[in-house]
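Only one structure is covered here, and it is reproduced in the block below.
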Amino acid sequence: MNMRNISSIWLASFLLLALTLGGCSKSAEETAPDATGKDATGKSASGRDAKKGGGLFSSTKPVTVPEGTAIAVVLDQALSTNGSHSGEEFAATLSEPIVIDGATIAPKDARVKGRVLEAVESGRLQTPAKISLTLTSIQIGGSWRDIETGQMTLQGKSHKTRDIEIIGGGSALGAIIGAVAGHGKGAAIGAAAGAGAGVAGAAATGKKDITLPAEARLSFKLRQPFTVNVKS
């Protein structure tokens, strides 16, 4: 190899190295933030980092749902004094969203779980039917959160009438449900009247047992506050 070829190779290598170093320097200058915190494109360094992070740094704030907050639900299944039993779990959905200080804690149709605290079948002679319910958990952001509400109790007043008394017990209900005209099995009980009342279509059946059909609307009051993190 003669000297001319060697010189050509060295010159080409030098030019390639110079071009490579120049490109790297320009790229660094374009992305490096200046004194204002922005790069040559006008974008802030924090903005680039947040974009690269895919929103991992989005902030949240704790919000407390206070004691006494009403939780309105619709039953997903029927419950009755002659078909349900103490300790049985039941499913429901929120009929109204839970909103605190403008923040939606749980949207309408969020899933809810409850428990039958007591179910007493109507006796043929003296024992009136009785059923007590409470809510135990609610699905928030894809996770289940334990809650504690007051119980709602429905009890037959006597065997002489087909009336059902709703005992508040910390719930939003506290009215008496009067019987609608009807005879025999399945005689319907009218909807409760008064603020917060929401039992739709409770029914007395058989020996004056109490039935809450699927899609019956119930309302409970929170007995213990709980705190969740919501996006700010």
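Read-outs: derived from the displayed coordinates by stated rules, not from any lab. Note that this is a predicted model, so its numbers are computed, not measured. Note: ideal-geometry Cβ built from the backbone for every residue, glycine included; neighbour counts use all protein chains shown.
Some notes on this structure:
- R145 versus E89: modelled label distance in nm, points set 7 Å from Cα along the beta carbon direction: 1.9 nm
- In this structure, the pairs whose alpha-carbon distance is over 25 Å, taken from K108/K130; K113/K208; K108/K208; K113/K157; K61/K108, are K108/K130; K113/K208; K108/K208; K113/K157.
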